[in-house]
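K.L.:
If you scroll down you'll find the structure; I have some questions about it.
The values are calculated or read from the model by the stated rules, or taken from the named source; none is laboratory data. Because the structure is predicted, anything quoted here is derived from the model rather than measured. All Cβ positions, even for glycine, are placed from backbone atoms using ideal geometry, and neighbour counts span all protein chains on display. All accessible areas refer to the heavy atoms of the entire protein, side chains included, with ligands and DNA or RNA removed. Shrake-Rupley method; radii C 1.70, N 1.55, O 1.52, S 1.80 Å.
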Amino acid sequence: MKKRKIKKIILEVKDLRKTFGNNIILNNINFNLLESESLAIIGASGSGKSVLLKNIIGLLEPDSGSIKINSTEMVNLPRRDKENLLLKLGITFQHGALFDSLRIWENIIFKIQNQQKISQVDGRKLALSIIKRLSLKPEILDLFPSEISGGMQKRVAIARAICGDPKILLFDEPTSGLDPVTGSVIDQLIINAVKTIGASAITITHDMASVSRIADKVILIDKKIISWSGTPKEMLISKNLKIKEFIKSTNPKLFK
């Protein structure tokens with residue numbers, strides 16, 4: 001019988017706690033992200049999902065706990081070492097967060113440009129190769145973000161995230177504000193991006209249809225803690241009141 005490969009832990013969050021003043025946002029958060037795994041983090045608005053993401057990418061420091069990327073501790077890591085470690089991450093923020101003053105191709109290669117100082121010709125070629133991988137049209141490269149739709153901006157944000165072939169991709173509400181058809185397209189781009197570069201992914205979302213399409217594993221954050229975790233299939237049949245309540249509140253027609 002063929003041995004099952006044991007997947008490596010890419011990201012480990014242990015006993016993470018974050019407060020703002022006397023307000024506890026996250027308490028005793030524990031989870032792992034395995035290689036080539038797609039994790040969806042769900043929860044009501046204000047539950048701490050985006051705060052968790054900002055702790056992972058180093059925009060915030062936890063009050064206590066551990067965040068390890070490839071076994072290297074992120075918390076209290078010297079700035080230069082942290083920046084080098086974060087080069088392994090590709091991030092899309094809510095609403096795309098593209099740079100208005102840069103053309104699309106310049107947005108896509110922004111991180112690589114700052115690392116390597118590549119020429120405009122090589123940079124544009126790199127951006128072209130990436131958008132081809134995502135089935136985007138070459139003619140958008142010389143446009144500015146204001147000249148393309150919101151859905152297209154989110155696609156470009158994904159292209160920027162995968163530039164440099166990072167090992168971990170993080171998506172913050174990638175389908176927020178989009179119609180179901182465009183949302184489905186974005187989900188497929190995420191799936192293709194993860195497969196193309198062999199990355200692991202974390203997606204923060206309210207979109208339960210999206211969760212069912214992209215996730216291998218799901219965790220629910222409620223009242224500062226992880227109150228449920230499991231696969232999308234387990235989520236649909238779970239008797240856990242928290243997960244049932246969340247599903248009902250977000251998409252009662254899709255999941256009964």
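K.L.:
Which of (1) at positive phi; (2) exposed (fewer than 15 other Cβ atoms within 10 Å of the Cβ) does Gly150 not meet, given it meets every other one?
P.N.:
Against the list (1) at positive phi; (2) exposed (fewer than 15 other Cβ atoms within 10 Å of the Cβ), Gly150 comes up short only on (1).
K.L.:
Give region 93-143 a look and list any residue that's part of a loop (DSSP other than H, G, I, E, B), of a type in the set (Lys, Arg) and closer than 23 Å to Ile190 by Cβ, or say none.
P.N.:
Result: Lys137, single match.
K.L.:
Let me ask something else. Return yes when Asn192 is open to solvent by 10 Å² or more (accessible area, probe 1.4 Å), more than 13 Å from the chain's Cα centre (by Cα) and closer than 21 Å to Glu35 by Cα and no when it is not.
P.N.:
In short, yes.
K.L.:
I want to confirm something. Restricting to region 195-209 and keeping residues that are open to solvent by less than 10 Å² (accessible area, probe 1.4 Å) and under 14 Å from the mean Cα position of the chain (by Cα), which single residue is nearest to Phe31 (Cα to Cα)? First the steps, then the outcome.
P.N.:
Keep residues of region 195-209 that are open to solvent by less than 10 Å² (accessible area, probe 1.4 Å), which gives 199-205, 208.
Now narrow it down to the ones that are under 14 Å from the mean Cα position of the chain (by Cα): 199-205.
Values: Ala199: 18, Ser200: 14, Ala201: 13, Ile202: 12, Thr203: 14, Ile204: 14, Thr205: 17 Å.
By that ranking, first place goes to Ile202.
K.L.:
Looking only at region 40-64, count how many residues are assigned to a strand (DSSP E or B) and open to solvent by 30 Å² or more (accessible area, probe 1.4 Å).
P.N.:
1
K.L.:
Answer yes or no as to whether Gly183 is closer than 29 Å to Gly46 by Cβ, touching a residue at least 12 places away in the same chain (Cβ under 8 Å) and surrounded by 15 or more Cβ atoms within 10 Å (Cβ to Cβ).
P.N.:
Numbers: closer than 29 Å to Gly46 by Cβ: yes; touching a residue at least 12 places away in the same chain (Cβ under 8 Å): yes; surrounded by 15 or more Cβ atoms within 10 Å (Cβ to Cβ): yes.
Spelling it out, Gly183 is indeed closer than 29 Å to Gly46 by Cβ, touching a residue at least 12 places away in the same chain (Cβ under 8 Å) and surrounded by 15 or more Cβ atoms within 10 Å (Cβ to Cβ).
K.L.:
Now for a separate question. Lys132: under 16 Å from Ile197 (Cα atoms) and either without any contact (Cβ under 8 Å) to a residue 40 or more places away in the chain or surrounded by fewer than 19 Cβ atoms within 10 Å (Cβ to Cβ) (or both), yes or no?
P.N.:
yes
K.L.:
Kindly indicate which of Leu86, Leu141 is within 17 Å of Ile158 (Cβ to Cβ), crowded, with 17+ Cβ neighbours inside 10 Å and free of Cβ contacts under 8 Å to residues at least 60 places away in the same chain. Can you show your working first?
P.N.:
Details: Leu86 fails: within 17 Å of Ile158 (Cβ to Cβ).
Within the list Leu86, Leu141, the selection yields Leu141.
K.L.:
Just to be sure before I move on: is Lys217 within 22 Å of Gln94 (Cα to Cα), of a type in the set (Lys, Arg), open to solvent by less than 60 Å² (accessible area, probe 1.4 Å) and at pLDDT 85 or above in the structure I sent?
P.N.:
Yes; evaluated as a whole, the condition is true for this residue.
K.L.:
Name every residue in region 166-193 that is modelled with pLDDT of 85 or more, part of a loop (DSSP other than H, G, I, E, B) and either among the hydroxyl-bearing types (Ser, Thr, Tyr) or closer than 18 Å to Gln115 by Cβ (or both), in order of residue number.
P.N.:
If the condition is that a residue be modelled with pLDDT of 85 or more, part of a loop (DSSP other than H, G, I, E, B) and either among the hydroxyl-bearing types (Ser, Thr, Tyr) or closer than 18 Å to Gln115 by Cβ (or both), then Pro166, Lys167 are the ones that fit.
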